[in-house]
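Structure first, then comments.
The values are calculated or read from the model by the stated rules, or taken from the named source; none is laboratory data. Keep in mind it's a predicted model, so treat the numbers as computed, not measured. Quick reminder, even Gly has a Cβ in these numbers, built from the backbone with ideal geometry, and neighbours come from all protein chains shown. Heads up: the accessible areas ignore ligands, DNA and RNA and are worked out on the full protein's heavy atoms, side chains in. Shrake-Rupley method; radii C 1.70, N 1.55, O 1.52, S 1.80 Å.
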Amino acid sequence: MTFQQFVFYFLAAILVFAALRVITARNPVHSALFLVLAFFTSAGLWLLLEAEFLAITLVLVYVGAVMVLFLFVVMMLDINIDRLREGFLRWFPFGAALAVLMVLEMGLVLWGKYFAPEAMPPPVPRPAGYSNTKELGRVLYTEYVYPFELAAVLLLVAIVAAIALTLRRRKDTKYVDPAKQVLVRREERVRLVSMPAEKERG
């Protein structure tokens, strides 16, 4: 066994363990932390495949931003764990059947001819000046420019739709019209009252 194969199996074992702990941990904060561990080990596997840009993106974007946001949200919501477990037995048969179906699908994919060891050779060694980011950008903006733009438009529509669905006008919300606020005069806001001076009583 070579050193690269040892590192692969080591990171793969940690990734499988972290993925299992994400769905089996009782504390949601612990699940989020195990998901961070899974992201880190996935980045290590991508480094073995010489996909440095994707590995750094996974660490910076998902671990550095998304998972930190999830962690803060989970900690601030103070989720009632006992209430979440109420429907466990009722939905367990459906979840178990879905899990078995996913395992069968993954087995068919991994044991097929497309993912056989002969069909997945190790990465070809690259010269010292090779840039993974440059090659990824070249392919993304030449051969896959239309799918890339379509995905960007879909994400923009999803953001606008999410904002439109969550932005609701409430009757009890105080709202200030900026146009009327600019046109306000001093006489309408401040009133000077003349009061006679009083002597201090000893």
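Name the helices (runs of 4 or more DSSP H) wholly within the range 1-111 that hold at least 1 residues that are of a type outside the set (S, T, N, Q) and more than 30 Å from Pro123 (Cβ to Cβ)?
Once the helices (runs of 4 or more DSSP H) in the range 1-111 are filtered for at least 1 residues that are of a type outside the set (S, T, N, Q) and more than 30 Å from Pro123 (Cβ to Cβ), what remains is 3-24, 28-48, 67-77, 81-84, 88-110.
Any residue in the range 127-139 that's closer than 16 Å to Leu49 by Cβ: show its pairings with residues that are open to solvent by 60 Å² or more (accessible area, probe 1.4 Å) at Cβ separation under 6 Å, as long as the two are six or more apart or on different chains.
Listed pairs, sorted by first residue: Asn132/Glu52; Asn132/Phe53; Thr133/Phe53; Leu136/Phe53.
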